[in-house]
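Down below is the structure, laid out as structure tokens.
The values are calculated or read from the model by the stated rules, or taken from the named source; none is laboratory data. For clarity, every value in this text was computed on a predicted model and none was experimentally measured. Every residue, glycine as well, gets a Cβ built from its backbone with ideal geometry; the counts of neighbours run over all protein chains shown. Ligands, DNA and RNA are stripped out before the accessible areas are found, and what is left, the full protein with its side chains, is counted by its heavy atoms. Shrake-Rupley method; radii C 1.70, N 1.55, O 1.52, S 1.80 Å.
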Amino acid sequence: MRQWRVEVFNRPGLVDVQGGRVLSDIRELGITSIEAVQSARVFLIEADFDPAFAERVAHELLADPVCEQYYLGRSGPPAGLAKATLIEVHLKSGVTDPVAESVMAAIADMGVRPDGVRTARKYILLGEIKPSQIDTIARKILANDVIEDVVIGDETEPPSPHLNAYELNIAHWPIRDLDDAGLETLSQDKDLFLNVVEMRTIQDYFRRLGREPTDIELETLAQTWSEHCGHKTLRSAVDMTANGTQIHFDNLLKETIFKATQQLNKDWCLSVFADNAGVVEFDEQSAVCFKVETHNHPSALDPYGGSATGIGGVIRDPMGTGLGARPIANTDIFCFGTPDKSLDEVPKGVLHPRRIMKGVVAGVRDYGNRMGIPTVNGAIYFDDRYLANPLVYCGNIGLMDRTKVRKNTQTGHLIVVVGGRTGRDGIHGATFSSAQMTHEYETIFSHAVQIGNAITEKKVLDVLVQANDAGLYEAITDCGAGGLSSAVGEMAKDLGADVDLEKVPLKYAGLGYTEIWISEAQERMVIAVKPENLEAIQRIFAGENVEATAIGRFASDKKLRLRYNGQQVGEMDMDFLHDGVPRYSRQAVWKQPKLSEPTLPEKDNYNDDLLRILSSCNVASKEWVIRQYDHEVQGGSVVKPLVGVANDGPSDAAVVQPKLNSPRGLAISCGMNPLYGDIDPYWMALAGIDEAIRNLICVGGRVDRIALLDNFCWANCDRPDILGTLVRAAQACYDGAIAFQAPFISGKDSLHNEFVCEDGTVIRIPPTLLISAMSLVDDIDKCVTMDLKKPGNLLFVVGRTNNEMGGSHYYKIHDALGANVPRLDLDLAPRIAGRLSAAIAEGLVASCHDCSEGGLAVALAEMAFAGGLGVAADLRGLPKSRDCSRTDAQLFSESNSRYVVEVAPHNYDAFAKRMLNLPFGQLGTVVAEPKLRIKAQDGKSIIDADIGILKQAWQRTFDW
Amino acid sequence: MQEVRAIVLRAAGINTDLETEYALELAGAQADRIHINRLIEDKGLLEQYHILIFPGGFSYGDDVAAGKIMANQVIHHLSDPVRKFINDGKLVLGICNGFQVLVKAGILPGGNGFKQEDVTITCNDSGKYEDRWVYLAPQTGKCVFFDPGQRLYVPVAHGEGKIVTKDDEALQRLRSEGHIAFKYVDAEGNEGPFPINPNGSVDSIAGLTDATGRVLGLMPHPERFVRRTQHPHWSRLGEDLPVDGIKIFCHAVRYVRENLLESCVAQPTADVAACGEVQAGP
């Protein structure tokens, strides 16, 4: 067998985009001696074709005839350039290489099927450089150690990754005679992340069975009982001491978040906390489901791959809900360290926040865009406590038939795995994501990183939609954390299953039965198929080159039996697997921190403060990110993430039209403010709920059909003080849901977001609760956007401004935290939301924007520059509490439930009537002159700024 | 009444087939979404249709280069039926990834046989994928998909949309032989740098047509602007704001009705509400 090497370069004189990007990244690292970077794509093709055919492949397929030239074989450094460094980046053995798969198929289309294709990237660095700098460049810019190998200046071809066939060798992991220390050692040695109580429970089980467990049995238990899959903390019993009083929960989740949903008992909630996503009614025929997941640990190690598989994974949740939904929108919310850190401020084992951010955005972009799902809503939040634990929340909404909300798995149905093949990727992802990170994790857990291929998932989606329409399967779920062990384990929970692991299609030889069972290889779904439908469904799948393989059968005895080539390798009771996990009783403590308000001087003019807040990372325009996402694919876009006269203002929420022939829309939003959590996570959580709901109301969402999702990202909750903050937030979720009559329909948590630095210091993320929300829009033609519309229109503020500067961005730019955190008025907030929603539905509102980060001043500035119009405002018209006398508080307080509303003069009476008995006041008017002018209580001008300058400040931070 | 039939070609990674089908139906055509494998299995299938659409997406992941793998499939499996389709006087439209496929298969700008020679589409100068709205100015009167006097406002969403020619001579030929269908311009109709020209295309070229004027490829997405509420700031504009994207489909449907259907002349066309402006023509 011959290996052909083809190198593809840009033609001289044409822009080398990839090389240029690498060069600018090198400069960003502070290395200035490199003058130019050339990049090349490398293809290694194993095939017996003749040189003429190899030439054809290079010429017709691999190299662009206009922009590129190719070289058959290995090209040397460019002639006449002494200082050239050659670096090649190859994928590690076993890592998915989608380009290689496509090239294989394309060469086959040309008439010859090659035996193997691999791809690599080659870089030629021109200029003086030290070996240590080469290493830095390779590690920080060109390659990711986790999935790639770097070859510097080497002439030998990397070896073919042909792996040896696997020979069955059943491993027993004796447990029955171990003492506690032995149990802990076993758990640690095998990366099970099970604690000693859990290990004892397992020990008892196998003592009762009278035998030792096999490796696959312990691994299955570890996956199923992991925090990631089981939510042990949120479901545990908690004894909480809060400011001296005792509270007890038998099951924290059931008595807070879930309880609210049960009490509200909305008939439009079709399936909540029961399936892969929460399902609510959309219209008479259809339902929508929504799920938000996190993919934090993988994104910390491999930002691109981690976030791509994060979005890829959450898309499979709606696809695996009920009998399957068609994904219609993505959301993404990220938390990063501040991007302007110098390299030496970043702890060892941690990637630079800028690299993480660029990689994460690119990962979501490439996967979401390829799937053809619009990414319509998101937020990015910066705090240095996210430096080592970036948070990557990915959400997906799907549209489904109302009659297909339930699964119907039965004894005798076949277990069919559909989609991607299984490889060694993602082993131990579920247990890994439940663990604390350290500087050594990069190497230890490299195998936990999964590699995605969006096109494989798109193909799976395309055929599943057809098979679903044809009614050819009875149940579906996705292969996520825990791989087949979780998917089959969950589907067969009430039935039992027999699985023949050797039938699972593999990417390459050599995988053991346990690896097959727990691999988190991407783009796989599991469906339950009646034996008589197997042929028909396989025909549909094969018609679009998708593999579907029966690997077993659902049983009736509630036992999970795992076999390899007919030999049993594991057997467990489903009841033990799913209900055997010991119930925990945890201690939690909450004590109000002793904080005080800073003493900042009052000023005559706040232009500078406003400009600083506008350009602060959290508030600044995220257009750089948003435009990289396709937010219009599927044609359902109604309110886009960027709105206004120049299509660049910050929309409050997105509205999509899921069914192109129906005027009904879906509004989608989020809310989050970790800064408030440093004062009190209870008020933080309520502020998040209010913010998410405000955003829905602003665009015209219905107030009576709001569904919420919670995503808790916390530090290690084994510490009572940290668990205390989580309990506070969960209590707030209950109170907020009841107050707004807005049930939670789905949720997820990611705990243990801590990092142990080399010197032992621990970096803990702040309590971070993401609230995602969606609601219906009856008529998309009535939607409202936040940009000012017309000079002469009146501007109102609805909602009361209190002296609540604690955790505000105004304090943040002055390096203070404060104490007076915004406290949601649970009685007033829903009333304001309801009345405003009605006013918008009646067409009385020209524009509407909520006051959030940066308060009133930022909201006015954003409305003005988005609309290209000015504002004449007077704070005497601002509804405010008595203690809110300071001008800076009136401008920048972040009190909840406040909306700035633009109303045409002829609608004044009708609007005012709607707002009767609510705190509302006329703040001013919209003017043609492009200036934001705000007068203080005493009538003096305190902000007077050109909207062009405000907009520039807001846009320049991420003008990347 | 005989129907205008359109085929929207699916393949792994094609992801705008649903909204393209919807746009065609709004414009009065009967559209089917068909996987390329079906066409390869049954080459006669194409005969039933009047309009062939290569829609947008990321065919085969855009691996190797955007549209390249699907173009390779077209060249090796479908060149005869596609050539016959064009020679029969029928219409071909490539949108975004579909345009990339048409260029890389050599169907556009078109020449002797299917082979890519002088023109390609490559990475945006910005180095990244971008979704933004652009104005298009028609450059020729011979393409059946649009009215030469009418500027269009539509979105682009791509990472590889920069049109490049092999040399100046090739560019001259595109100009002189009328292959340039659209250029990127600003609201006043002037060419300019990024973001007016969102990808750095040579001569601000946004779309190409072949010698017949019946094959059109363009980077922007007309199927994403077939209703008023898809405009990026429709909430500022009146009820009567012009909906530009649908016009491309309406022109195609009208052309088929008037030229390819048997009872062409007497065809009533005013029944398609979405095409009001287009149908009211001469």
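When the label point is put 7 Å from the Cα of A:Ser881 along its Cα-to-beta-carbon vector, which residues of region A:823-849 have a backbone N closer than 18 Å? Within reach of a label on A:Ser881, which here means backbone N under 18 Å from a point 7 Å along Cα→Cβ, region A:823-849 contributes A:823-832.
Taking only alpha carbon atoms, region A:656-708 gives an Rg to Rh ratio of 1.13, where Rh is the Kirkwood radius. The mean sequence separation of alpha-carbon pairs under 8 Å and at least six residues apart, normalised by the residue count of region A:272-406, gives a relative contact order of 41 percent. Looking at the protein assembly as shown alone, DSSP beta bridges between its own residues are antiparallel in about 75 percent of cases. The GNM of chain B, with springs linking C-alpha atoms under 10 angstrom apart, assigns the highest mean-square fluctuation among B:Ile95, B:Ile107, B:Ile36 to B:Ile36. The region of chain A that goes longest without hitting one of the GluC sites (Glu not before Pro) in a DSSP loop, each with at most 10 other Cβ atoms within 10 Å, is A:285-960. Along the axis of the charge dipole computed for the protein assembly as shown (Cβ charges of +1 for Lys and Arg, -1 for Asp and Glu, origin at the Cα centre), the listed residues A:Pro674, A:Ile311, A:Gly127 are led at the positive end by A:Pro674. Protein heavy-atom surface of region B:52-133, 1.4 angstrom probe: 44% of the accessible area is carbon and sulfur, with nucleic acids and ligands not counted. Here the Gaussian network model covers chain B, with springs between Cα atoms less than 10 Å apart; of B:Val202, B:Val74, B:Val144, B:Val202 fluctuates the most. The convex hull drawn around the Cα atoms of region A:272-406, when projected onto a plane and averaged over every direction, covers 8.1 nm².
Around the Cα centre of the protein assembly as shown, unit charges on the Cβ atoms of Lys, Arg, Asp and Glu (plus for the first two, minus for the last two) sum to a dipole of about 1760 debye. Which whole number in µm²/s is D for region A:464-567 by Stokes-Einstein, with the Kirkwood Rh taken over Cα pairs at 10 °C and 1.306 mPa s? Once the numbers are plugged in, D ends up at 111 µm²/s. Relative to the longest principal axis of the Cα atoms of chain A, the long axis of helix A:98-109 lies at roughly 60 degrees.
In the frame of its principal axes, region A:557-678 has Cα extents of 80, 55, 29 Å, reported largest first. Extents of chain A, taken as max minus min of Cα coordinates on every principal axis and listed largest first, are 86, 76, 59 Å.
Taken residue by residue and averaged, Cβ atoms of other chains lying within 10 Å of the Cβ of A:620-629 number 3.
Which whole-angstrom value gives the distance between the alpha carbon centres of region A:841-860 and region B:227-260? Between the Cα centres of region A:841-860 and region B:227-260 lies a distance of 32 Å.
Ordering A:Leu600, A:Leu577, A:Thr549 by the projection of their Cα atoms onto the charge dipole of region A:542-610, which places +1 on the Cβ of Lys and Arg and -1 on the Cβ of Asp and Glu, puts A:Leu577 at the extreme positive end.
Can you give the longest run of chain B that contains no GluC sites (Glu not before Pro) sitting in a DSSP loop with at most 11 other Cβ atoms inside 10 Å? Excluding the exposed sites themselves, the longest stretch runs over B:1-187. Of all lysines in the structure, those lying under 19 Å Cα to Cα from A:Lys935, and not within fewer than 8 positions of it along the same chain, are A:Lys603, A:Lys880. In percent, rounded to a whole number, the relative contact order of region B:190-261 is 19, using alpha-carbon pairs under 8 Å and six or more apart. For chain A, the relative contact order works out to 11 percent when only alpha carbon pairs closer than 8 Å and six or more residues apart are counted. Which of the three applies to region B:38-157, rounded, prolate or oblate, going by the alpha-carbon gyration tensor with a ≥ b ≥ c and a/c under 1.5 meaning rounded? Oblate shape, in that a/c is at least 1.5 and b/c is the bigger or equal ratio. For A:Ile34, the accessible surface of its heavy atoms amounts to roughly 0 Å² (probe 1.4 Å, protein chains only, rounded to the nearest 10). The distance from the alpha carbon centre of region A:574-631 to that of region A:170-188 is 42 Å, rounded to a whole number. Just checking the listed ones, B:Gly141, B:Gly94, B:Gly245: in the Gaussian network model of chain B with Cα springs under 10 Å, the one fluctuating most is B:Gly141. Leaving out ligands, DNA and RNA, and with a 1.4 Å probe, what % of the accessible surface on region A:407-583 is carbon or sulfur? Roughly 44 percent of what the probe reaches on region A:407-583 is carbon or sulfur. Shape analysis of region A:566-620 places it in the oblate category; the axes a ≥ b ≥ c from the Cα gyration tensor give an a/c of at least 1.5, with a/b not above b/c. Rounded to the nearest Hz, the phi-derived 3J(HN,Hα) couplings of region A:466-478 under the Karplus curve 6.51 cos²θ - 1.76 cosθ + 1.60 (θ = phi - 60°) are 5, 5, 5, 4, 7, x, 9, 9, 10, 7, 8, 8, 9, where x marks glycine and proline.
Is the shape of region B:5-279 best called rounded, prolate or oblate, per the rule: a/c under 1.5 gives rounded, else a/b larger than b/c gives prolate, else oblate, with a ≥ b ≥ c the square roots of the Cα gyration tensor eigenvalues? In terms of gyration-tensor shape, rounded.
How tilted is helix A:353-371 with respect to the longest principal axis of chain A? Cα atoms for both, answer in degrees (0 to 90, nearest 10). Approximately 80 degrees, to the nearest ten. A dipole drawn for region A:761-894 from +1 and -1 charges on Cβ atoms has a positive end, and of A:Gly877, A:Pro767, A:Ser837 the residue lying farthest that way is A:Gly877. For region A:256-264, the Karplus equation 6.51 cos²θ - 1.76 cosθ + 1.60, evaluated at θ = phi - 60°, returns couplings of 10, 4, 5, 4, 4, 4, 5, 5, 5 Hz by residue, with Gly and Pro reported as x. Temperature 25 °C, viscosity 0.890 mPa s: under these conditions the Stokes-Einstein estimate for region A:3-152, based on its Kirkwood radius over C-alpha pairs, is 151 µm² per second. The largest-to-smallest principal axis extents of the Cα set in region A:466-518 are 37, 26, 20 Å. Per residue, region A:407-583 exposes an accessible area of 32 Å² to a 1.4 Å probe, with every protein chain left in place. Probing with 1.4 Å while keeping every protein chain in the model, the per residue accessible area of region B:1-117 equals 28 Å².
Normalised radius of gyration (Cα atoms, divided by 2.2 N^0.38 Å) for region A:407-583: 1.04. Only lysine pairs 8 or more places apart or on separate chains count here, and in region A:407-583 those with Cα atoms under 21 Å apart total 13.
Solvent-accessible surface, computed for protein heavy atoms with a probe of 1.4 Å, shrinks by 40 Å² or more for the following residues of region A:537-569 when the other protein chains are added to the isolated chain: A:Gly543, A:Glu544. Here region A:267-327 is treated with +1 on each Lys and Arg Cβ and -1 on each Asp and Glu Cβ, and its dipole about the Cα centre works out to around 280 debye. Using a probe radius of 1.4 angstrom, the carbon and sulfur fraction of the accessible surface of region A:82-195 is 49%. Leaving ligands and nucleic acids aside, the B/A contact buries around 4800 square angstrom of accessible area in total at a 1.4 Å probe radius. Extension gain, A:Glu55 to A:Ser24, is 7.8 nm, computed as 0.36 nm per intervening residue step minus the present C-alpha separation. Each Lys and Arg adds +1 at its Cβ and each Asp and Glu adds -1 at its Cβ; summed about the Cα centre, region B:5-279 shows a dipole of about 220 debye. Taking the C-alpha atoms only, the angle from helix A:947-956 to the longest principal axis of chain A is near 20 degrees.
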